[in-house]
Each structure stands twice: as C-alpha cells, then as structure tokens.
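Enquirer: The structure is given below, and queries will be raised subsequently.
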Amino acid sequence: MARRPLPRILTDSAPIARGREFARTAADGAADVFHPLITISRGLRRLLAAGRRRWSATPKERRGSLLFVAAGSVLAVALVPYGPVLALVTVMAAAAWAGREQPAEEPAAGPGEAETGRLQALYEALVPYFAIEGDPSPLYAHDGDWESAFTEYAFDEAGRPARLTLRYPAYFTDGDAASRARIEQVLYAKSGRGREYRFAWDEESNQLTLAVLPPLPADIAAQRFVTTHGETVLGFTDPEAVQRTLPVEAGDETRDVPPVVWRTGLRSTEPHLLVLGQPGAGTTTLLRSIALQALPYGDVLVIDGGGTGEYACLAGRTGVMGVESGLSGALATLEWAAHETERRLITANRARQAGRQAPDDIRWPLWIILDRPSALAHLAVAEGRDDPQNLLHVPLRHGRAAYVTVVVADQLDSAGLLSEPVLTHTRARVVLGPATPEDVQAVLGAPPHTTPAADVPPGRGYARLGTGPVLRLQVPATPDPYDDATSEAHRQAVLDLLPEPAASVEEDATEDLSAAAGLARADAADGTDETVAGGVDSAVTGGMDNTVTGGTDGVVAGAEGGTVAGGAVGVDVLFGAVGPAAPAGSEAVTEPSGPAPAHRTVDAGRAEG
C-alpha cells in the first residue's frame with residue numbers, strides 16, 4: 001500500500017522561515033518601542049533595592065527620625081503647586097538614569113607565560129623564608145600555587161614586576177629589621193636590579209607591597225621658590241611622601257613638584273642641619289642653595305674648610321658677612337659668632353624683662369654655614385690650636401632663641417671627627433651620594449624604605465627632619481657660577497639669585513672722612529670739641545693705608561658695645577659688609593681712639609656687636 005504524501009505546509013520550510021523572521025522583527029520593534037519603559041522599570045527596581053539596603057543599614061534608633069523626615073518631605077511636595085507632577089518627573093528621571101545599561105567590564109587579562117614564570121620564581125625564592133615545618137596549610141611551599149600568595153601584580157614594558165602585593169604567614173617576624181632586610185634583598189634581586197624599590201610593610205594585615213619608584217627630577221635648577229619666611233627648600237621628593245607641592249621652572253615648562261621643606265626659627269624643632277656625603281655627591285651644592293635662599297631674609301657667614309673656593313661667588317655680596325677659608329679667619333669668625341649669639345640672648349632677655357619686643361637686629365636671622373670642619377680640625381691639631389668646632393657650642397645650643405642657624409657639611413668618611421655638640425644639636429640630617437643602608441641608618445637614625453639606586457646623580461640622597469620619615473631627596477642644581485664646567489643655563493640661574501655687591505670699604509671710609517672733616521671744621525670755628533658723628537670704627541687719612549683683610553690674627557670679637565681689632569678695625573670692615581640692621585634709635589658709644597686725648601663719638605648703628 002503506497003504512503004500518502006505529507007501536506008505541503010509541513011514539507012515547505014519557506015513559510016516557517018518567514019514566520020520566524022516576522023516574529024523576530026515584531027520582537028525587535030516592541031523592544032524599541034518599550035525600551036524607555038523597560039529602562040524606567042529597571043531603574044525603579046534598582047532604586048527600591050538601594051532604598052531597602054539603606055533602610056537595613058540605618059540603626060533602629062534613627063529610623064523614626066528618618067520616617068519623620070520622609071513624611072515631611074512628601075507633605076511639602078503635596079502642598080507645593082505642581083509639586084506631585086514635579087516629583088513624578090524627578091522620580092522618572094532618576095529611574096531612567098539608574099536603569100541605563102552600563103557596559104560590561106572586560107575581564108582583566110592574566111599574566112603571560114613569561115610573567116607567570118617570573119611570579120613563580122619569586123614565589124619559590126620566598127619559600128625558605130616564609131615556610132616552616134609543621135604548618136598544616138602552608139601559604140608557601142615548594143611547587144605551590146603563587147596565586148594564593150600574590151594578590152596584586154603589575155609589569156612594565158620590559159616584563160619586569162613594577163608593583164607586587166604579597167601575603168605572608170602571621171608567624172613571620174615582620175617586626176625584626178634583619179628578617180625584613182632578607183625579604184627585601186630577595187625581592188630586589190629577583191625583580192630586577194638597577195631600579196629603586198619601595199617596600200611597605202602592613203603588619204596588621206600581613207601584607208608586603210613592592211613598588212618601583214620613578215627617578216626624582218634632576219633638571220630643576222636654583223630659583224626663587226614659593227616659600228615663606230623661615231622655610232628653606234632642601235630639595236624634592238616623591239609625591240606620596242609629602243602633602244605639598246611647589247611650582248618650579250624646569251627648562252621651558254612650569255610644573256608642580258613635592259618639596260622637602262626645612263623650617264627654622266623660634267618654633268622649629270630642628271633648627272640646625274648636618275649634611276654628610278661622598279666627595280662629589282653635592283654637599284657643597286646644597287650649602288650654596290641654602291645660602292642663596294637665606295640671603296633675602298638674613299645675613300650669611302660662610303666658612304670653607306676645604307679651601308677650594310666654591311663660595312667665591314658669595315664674597316663681597318650684600319648680606320654676606322664673610323667668606324673665610326683659613327684657620328685663623330675661621331677661629332676669629334666663629335668666636336665672633338659665639339659672642340654675637342650671647343649678645344642676642346642678653347638683649348632679647350632684657351627686652352622681655354622690660355616688656356618690650358626684641359630689637360630688629362636681634363630678630364634678623366644669622367646663618368653660619370660651615371663646610372668641611374674636619375679639614376680645619378686637622379690644621380688646628382697640627383698648629384696646636386683649638387678645634388673650630390668647639391666654638392659652635394653656643395650657637396648650636398642657644399641659636400634657636402637668638403635667630404642663629406648653623407649648617408654643617410662634611411664627608412661621610414670624616415663623620416667620626418665631628419664634635420659632640422655638632423652631632424647632638426643637628427636634628428635635621430641629609431645624606432647625599434651612594435651610601436649603604438647601614439650608613440644611612442647611622443646618620444639619619446632610621447633605615448631607608450627604599451633600595452639604593454645603581455646610578456646616583458649629584459645631589460641625590462636621603463633626608464630626615466627630626467623624628468620624621470626618611471625621604472628621598474634630589475637637591476636643585478646650584479653649581480659654582482665661576483666653574484668652567486658649569487652650563488650656561490645653570491650659571492645664569494645662580495647669578496640671578498646673587499644679591500648686589502656690597503659697597504667697598506674704601507668708598508665708605510672716604511665718604512665718612514669727608515663728612516667728619518666738614519663737621520670738624522664747623523666745630524673748630526665754634527670753639528667746640530672735635531666730634532665725629534656717623535663714622536666708621538676707625539678711619540685713617542693721609543698716606544696711611546687702611547686696608548684690612550679678613551682672617552688676620554689678633555681679632556677679638558668684643559661685647560655689646562664695640563669691636564676691637566689689630567688696628568681698631570670693626571667687624572663690618574673685617575667681613576667686608578655691614579651686619580644686621582640696627583634698631584631705629586641708635587645709641588652713641590664712646591670708643592677710645594689711640595693715644596690722642598680726644599674722644600670720638602661712634603654711631604652704634606654702624607658698630608658690630
């Protein structure tokens with residue numbers, strides 16, 4: 001019996017395909033038409049879920065006040081004209097915004113084969129230090145899974161780890177400095193040498209974060225920094241280390257960089273600075289930068305123990321009281337500085353007892369910059385004289401109250417020759433140049449949290465102010481402008497910061513003698529005594545040459561009234577510049593003038609303490 005054929009409607013697939021296409025087109029059209037409604041419905045659902053979570057998170061004692069505020073808001077909306085309509089429009093808009101479709105986050109790409117090999121090598125290298133026998137579920141084990149130990153990781157273009165966060169067992173002695181150092185050394189060796197790493201130990205959560213630090217900017221030259229009175233920029237550091245930035249000019253651009261600011265003055269907890277470093281590390285550059293920043297707000301006294309002439313650009317400038325390089329001049333200068341500190345203390349104490357403000361010349365800062373005191377100590381021992389560092393005891397101990405700041409710099413291998421007052425009272429410390437972590441800890445009192453760099457540019461090191469953290473430091477380029485190897489841009493930057501040259505001693509003496517001669521003739525005509533007002537400490541006319549060089553022997557820094565020298569030469573003549581500004585009301589001081597019976601009246605505003 002022959003089979004009957006199936007109906008055509010069951011065998012022909014064309015109508016079925018057309019029906020499916022029609023249904024798909026109708027569904028797409030409906031989705032387009034109802035898309036706003038679907039979005040608003042999804043948004044209302046999300047808003048309700050967020051409100052439910054907020055209600056669950058609200059404490060029970062605060063739910064009553066929350067209901068009262070909600071009811072009051074609904075009542076206010078109902079009473080406002082067109083309030084319900086506006087509220088409905090607002091809710092629909094919020095629902096449409098909350099219900100919009102957000103792009104799905106792409107899953108993070110996992111490490112490649114080479115990166116996986118590096119992570120596995122790091123994991124295997126840490127096993128001997130983090131694994132102990134008897135641990136039932138060791139986090140670190142040979143042939144273990146590194147994914148359970150390394151929670152975060154990132155790589156640079158060369159495939160080396162740039163950031164790594166790892167977990168370690170709770171029984172690891174993370175409070176022991178030696179144990180930490182071993183782990184840091186392993187990570188430094190396995191992650192790639194030649195870069196600087198920062199290690200952040202989180203003892204509470206048993207995590208260690210390794211991060212590669214970018215190089216500090218070395219293209220910033222000396223310039224006027226945006227600081228206030230009593231602030232000195234030592235250099236620049238990492239952005240996350242400080243909470244301040246300064247606008248600086250680097251080449252043709254201006255950018256904000258984080259500075260290391262050292263504060264001095266009455267309220268400073270670290271009023272004096274000690275700088276140590278290897279030869280050529282930039283200690284003299286830092287001292288020159290400090291001197292240029294201090295000159296607009298005070299007087300500077302420079303002692304170059306090395307005698308290399310690195311501070312010749314400061315000689316004869318306004319505000320520079322002297323640049324000494326010999327032993328005799330250094331001893332005389334430091335002796336005067338000690339007496340000047342005592343004079344300031346006595347004057348300030350008398351002013352406070354009288355209920356008055358300290359005079360202006362007391363509050364005018366005095367900076368004592370001493371470079372290479374160990375070289376002067378060798379000379380003093382050879383000549384049987386006192387160590388110049390012993391004269392720093394009074395400025396270091398009482399300098400803060402007298403507005404006297406001491407900055408000492410020396411080589412790292414000569415740190416043992418520094419005197420006890422220098423090591424005790426210099427609480428701000430800087431180490432420049434290549435140095436081991438042990439040397440950095442010995443100078444700063446705390447180890448650095450970074451590994452040493454392979455290539456250290458001049459002026460690169462570490463700084464610590466008091467009990468603060470150890471900061472990376474890059475000193476602004478402040479070379480000697482008289483050095484032939486200095487670039488023209490850096491030379492001009494330093495020359496622009498130098499103050500104007502001070503008036504020469506001969507010109508001052510000539511002007512004062514002319515005024516004195518005129519007054520003497522007037523007094524002689526009136527039959528009065530010979531009185532000279534407004535002159536210098538001593539002035540010699542005729543064929544006598546009144547030339548005094550700094551650093552001569554026989555200079556005795558006197559007390560408050562005047563200064564006695566080998567030929568009655570004042571301190572202002574010895575240092576080549578007039579000292580701190582005198583108070584408004586100058587007091588006349590009577591000074592003997594040799595064997596002559598007559599007396600000269602000298603203006604105390606020109607006399608140096």
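Enquirer: Just checking, how many residues over the stretch 196-214 are out of contact with any helix residue (DSSP H, G or I) (no Cβ under 9 Å at 6 or more places or on another chain) and touching a residue at least 60 places away in the same chain (Cβ under 8 Å)?
Expert: Of the residues in that region, 4 qualify.
Enquirer: So Ile303 passes all but one of these: (1) in contact (Cβ under 8 Å) with a residue 12 or more places away in the chain; (2) in a loop (DSSP other than H, G, I, E, B). Which condition number does it fail?
Expert: (2) is the only condition that Ile303 fails.
Enquirer: Just checking, which of Gly322, Gly416, Gly309 is open to solvent by 20 Å² or more (accessible area, probe 1.4 Å) and not in a helix (DSSP H, G or I)?
Expert: Result of the check over Gly322, Gly416, Gly309: Gly309.
Enquirer: Further, regarding this structure: Looking at the stretch 184-194, can you tell me whether even one residue there is modelled with pLDDT of 90 or more, out of contact with any helix residue (DSSP H, G or I) (no Cβ under 6 Å at 6 or more places or on another chain), outside any loop (DSSP other than H, G, I, E, B) and crowded, with 19+ Cβ neighbours inside 10 Å?
Expert: Yes; the residues of the stretch 184-194 include at least one that is modelled with pLDDT of 90 or more, out of contact with any helix residue (DSSP H, G or I) (no Cβ under 6 Å at 6 or more places or on another chain), outside any loop (DSSP other than H, G, I, E, B) and crowded, with 19+ Cβ neighbours inside 10 Å.
Table: residues versus (1) over 23 Å from Leu465 (Cα atoms); (2) surrounded by fewer than 20 Cβ atoms within 10 Å (Cβ to Cβ); (3) touching a Phe, Trp or Tyr at 6+ places or on another chain (Cβ under 8 Å); (4) not acidic (Asp, Glu).
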{"site": "Leu274", "(1), (2), (3), (4)": "no, no, no, yes"}
{"site": "Gln278", "(1), (2), (3), (4)": "no, yes, no, yes"}
{"site": "Ala281", "(1), (2), (3), (4)": "no, no, no, yes"}
{"site": "Leu286", "(1), (2), (3), (4)": "no, no, no, yes"}
{"site": "Ser289", "(1), (2), (3), (4)": "no, no, no, yes"}
{"site": "Gly316", "(1), (2), (3), (4)": "yes, yes, no, yes"}
{"site": "Ala332", "(1), (2), (3), (4)": "yes, no, no, yes"}
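Enquirer: Residues of the stretch 364-388 being open to solvent by 10 Å² or more (accessible area, probe 1.4 Å), over 19 Å from Glu420 (Cα atoms) and under 30 Å from the mean Cα position of the chain (by Cα), which ones?
Expert: Trp364, Pro365, Trp367
Enquirer: Based on this model, can you work out whether Ser179 counts as out of contact with any strand residue (DSSP E or B) (no Cβ under 7 Å at 6 or more places or on another chain), open to solvent by less than 50 Å² (accessible area, probe 1.4 Å) and of a type in the set (Ser, Thr, Tyr)?
Expert: Spelling it out, Ser179 is indeed out of contact with any strand residue (DSSP E or B) (no Cβ under 7 Å at 6 or more places or on another chain), open to solvent by less than 50 Å² (accessible area, probe 1.4 Å) and of a type in the set (Ser, Thr, Tyr).
Enquirer: Looking at this structure, is Gly134 over 30 Å from Leu246 (Cβ atoms), surrounded by 15 or more Cβ atoms within 10 Å (Cβ to Cβ) and at pLDDT below 90?
Expert: No; evaluated as a whole, the condition is false for this residue.
Enquirer: Scan the stretch 137-156 for residues that are open to solvent by 80 Å² or more (accessible area, probe 1.4 Å) and in a strand (DSSP E or B) and jot them down.
Expert: Glu152, Tyr153
Enquirer: Scan Pro469, Pro457, Pro448 and give me the residue that is exposed (fewer than 15 other Cβ atoms within 10 Å of the Cβ), within 18 Å of Leu216 (Cα to Cα) and under 20 Å from the mean Cα position of the chain (by Cα).
Expert: Going through Pro469, Pro457, Pro448 in turn, just one is exposed (fewer than 15 other Cβ atoms within 10 Å of the Cβ), within 18 Å of Leu216 (Cα to Cα) and under 20 Å from the mean Cα position of the chain (by Cα): Pro469.
Enquirer: State whether one or more residues within the stretch 430-437 are free of Cβ contacts under 8 Å to residues at least 40 places away in the same chain, out of contact with any Cys (no Cβ under 6 Å at 6 or more places or on another chain) and either surrounded by fewer than 17 Cβ atoms within 10 Å (Cβ to Cβ) or over 22 Å from Ala330 (Cα atoms) (or both).
Expert: yes
Enquirer: Sort out for me the strands (runs of 3 or more DSSP E) sitting completely within the stretch 215-295 that have 1 or more residues that are modelled with pLDDT of 95 or more, in contact with a helix residue (DSSP H, G or I) (Cβ under 6 Å, 6 or more places away or on another chain) and of a type in the set (A, V, I, L, M).
Expert: 273-277
Enquirer: May I pose another question? State all residues of the stretch 291-306 that are open to solvent by 20 Å² or more (accessible area, probe 1.4 Å) and within 16 Å of Ala375 (Cβ to Cβ); if no residue qualifies, say none.
Expert: Matches in the stretch 291-306: Gly306 only.
Enquirer: Could you check Glu253 against (1) closer than 27 Å to Gly433 by Cα; (2) surrounded by fewer than 18 Cβ atoms within 10 Å (Cβ to Cβ) and say which number it fails?
Expert: Glu253 satisfies all of (1) closer than 27 Å to Gly433 by Cα; (2) surrounded by fewer than 18 Cβ atoms within 10 Å (Cβ to Cβ) except (1).
Enquirer: Take the stretch 473-495 and flag every residue that is of a type in the set (D, E, K, R) and buried (at least 18 other Cβ atoms within 10 Å of the Cβ).
Expert: Those that are of a type in the set (D, E, K, R) and buried (at least 18 other Cβ atoms within 10 Å of the Cβ): Asp480, Arg491.
Enquirer: Within the stretch 205-214, can you find the residues that are part of a loop (DSSP other than H, G, I, E, B) and of a type in the set (S, T, N, Q)?
Expert: Result: Ser205, Asn206.
The values are calculated or read from the model by the stated rules, or taken from the named source; none is laboratory data. As the structure is a prediction and not an experimental result, all values here were calculated from the model. Glycine also receives a Cβ, built like all others from the backbone with ideal geometry; neighbour counts cover every protein chain displayed. For the accessible areas, the whole protein counts, side chains as well, though only heavy atoms, and no ligand, DNA or RNA atoms are used. Shrake-Rupley method; radii C 1.70, N 1.55, O 1.52, S 1.80 Å.
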